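*Asks:* Please read through the structure below; I'll follow up with questions.
No lab work stands behind these numbers, since they all come straight from the coordinates. What you are looking at is a predicted structure, and each value in this text was computed from that prediction instead of being measured. Positions of Cβ are generated from backbone atoms using ideal geometry, with glycine treated the same way; all protein chains shown enter the neighbour counts.
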Amino acid sequence: MIGVLRTRIQPFPLLWLTLVWMALWRDISVGNLLAGALLGAFVLVLFPLPRLIVDVRVHPRGLVVLLARFLADVVRASLDVAWRAVGPGQVPHGSVVTVQLRSRDELFQTVTAQMVSLVPGSVVVELDSPQGLLSVHIFAAQTPADVAEARANVLAQEDRVLRALAAAPGPEGGTP
């Protein structure tokens, strides 16, 4: 019985459920903490969550580079999209670019796709995880040079994600 409870009641989901309970009641008290913990344990026993095995190791230097470059890309792309929207010139035509990702780990593919999609001017159309293909609509990719630059930007973003978060080297779960 105790073994079953240990496998079903995971510490982080229990903590999260307890914090949500306390936030819903807007009361920080010992009684509310205990009630939230008991209710959270009850929910986790009735509806057990699968164990997630994530092979992630945060590399501080890589994380700083990832976040700094991401912020710079967001600012630069925001200004570019704003200028193209209100500035003079022709209306840019977009293009769908498909990129072969290096990593086969779904977590790193998803993080890469989300970060690419959060940069203005790009929208992820599809992520084919088994094949490692990421299809992205680029706002102003009209020439072959624009398409090549968009591919290079996606691969560079993936490389920064892997350098910041991958635990093991190699394309299976880490840096190429």
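*Asks:* DSSP H helices in the chain with Cα extent of 20 Å or more along the helix axis and mean Kyte-Doolittle hydropathy at least -1.0?
*Replies:* Answer set is 11-25, 30-46, 60-86, 144-165.
*Asks:* What's the center-to-center distance, using Cα atoms, between segment 49-92 and segment 105-137 in Å?
*Replies:* That distance is 12 Å.
*Asks:* Next question, about the same structure. Would you mind working out the magnitude of the charge dipole of segment 60-165 relative to its Cα centre, with +1 at each Lys and Arg C-beta and -1 at each Asp and Glu C-beta, to the nearest 20 Debye?
*Replies:* Around 300 debye, computed over segment 60-165.
*Asks:* A follow-up question, please. For Arg8 and Arg104, what does the FRET efficiency come to when R0 = 22 Å and r is the distance between their Cβ atoms, rounded to the nearest 0.05?
*Replies:* 0.10
*Asks:* Taking only Cα atoms of segment 60-165, what ratio of Rg to Rh do you get with Rh as the Kirkwood inverse-distance radius?
*Replies:* Numbers: Rg = 13.9 Å, Rh = 14.2 Å.
We get a ratio of 0.98 for segment 60-165.
*Asks:* Using 1/(1 + (r/R0)^6) with R0 = 25 angstrom and r between the beta carbons of Leu133 and Arg163, what's the FRET efficiency to the nearest 0.05?
*Replies:* Calculated transfer efficiency: 0.70.
*Asks:* What are the radius of gyration and Dmax of segment 2-46, computed over its Cα atoms and given in Å?
*Replies:* So, for segment 2-46, Rg and Dmax equal 10.6, 34 Å respectively.
*Asks:* Another question, if that's okay. Under a plain spin-label model, where a point goes 7 Å from the Cα along Cα-to-Cβ, how far apart in nm are Leu67 and Leu33?
*Replies:* With each label placed 7 Å out from Cα toward Cβ, I get 2.8 nm.
*Asks:* Check which residues have an amide H placed less than 5 Å from Val99's amide H, if you skip close sequence neighbours.
*Replies:* Close amide H contacts, sequence-distant or interchain: Leu134, Ser135, Val136.
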